[in-house]
Amino acid sequence: MTKKFDGGSDHHTMPETLEAARGTYLGQAHFAGTGPENTTCRQCVHWGNKTQAGEWRGFDYADDGMGMMALEPAKCHYPIMNKAARRVPPQAGSCAFYSERFDPPDLVRKRRRKKRNAE
Ligand code: SF4
């Protein structure tokens, strides 16, 4: 489950900072929205799934209930000490450590049907 930062108070002395934090998901390397304009974690090389051995294993999709498969949240692997080990949704705003991925996964894709044996 993904979770946004929900701390802070409306009486915070730096409302701009608090606003940036509120748009940020636990597990992100830095405040969302501090990366290049109109980019998301889905387009960043640090976002995705790894095996327990630390090898990249691609992306997960789940049935969206409307006949398509939707991209699931994944972890940000940018190395930050004590960063929350939480999965970040693909549409989270990119952060200052964003690095462009040249083959970002599709947000939705068609469901792949299993082929049945004809005979
Ligand atoms: S933009 Fe990249 S480095 Fe920043 S939180 Fe998202 S996945 Fe991590």
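The values are calculated or read from the model by the stated rules, or taken from the named source; none is laboratory data. Keep in mind it's a predicted model, so treat the numbers as computed, not measured. Positions of Cβ are generated from backbone atoms using ideal geometry, with glycine treated the same way; all protein chains shown enter the neighbour counts.
Of the strands (runs of 3 or more DSSP E) lying entirely inside the stretch 15-119, those containing at least 1 residues that are over 19 Å from Lys4 (Cα atoms) span 47-50, 56-58, 61-63, 68-71, 108-110. Scanning for something over 9 Å from the mean Cα position of the chain (by Cα) and away from the ligand (no atom under 15 Å from the Cβ), does the stretch 69-79 turn up at least one residue? Checked the stretch 69-79: at least one residue is over 9 Å from the mean Cα position of the chain (by Cα) and away from the ligand (no atom under 15 Å from the Cβ).
Going by the structure shown, is Arg22 within 16 Å of the ligand (Cβ to nearest atom), surrounded by 14 or more Cβ atoms within 10 Å (Cβ to Cβ) and at pLDDT 90 or above? When the stated conditions are applied, Arg22 does not pass them. Screening the candidates Thr40, Thr51 for the property of being among the β-branched types (Val, Ile, Thr) and either over 13 Å from the mean Cα position of the chain (by Cα) or more than 8 Å from the ligand (Cβ to nearest atom) (or both) yields one hit, Thr51.
Restricting Ala84, Ala62, Ala53, Ala92 to those that are surrounded by fewer than 16 Cβ atoms within 10 Å (Cβ to Cβ) and closer than 19 Å to Ala21 by Cβ reduces the list to Ala84.
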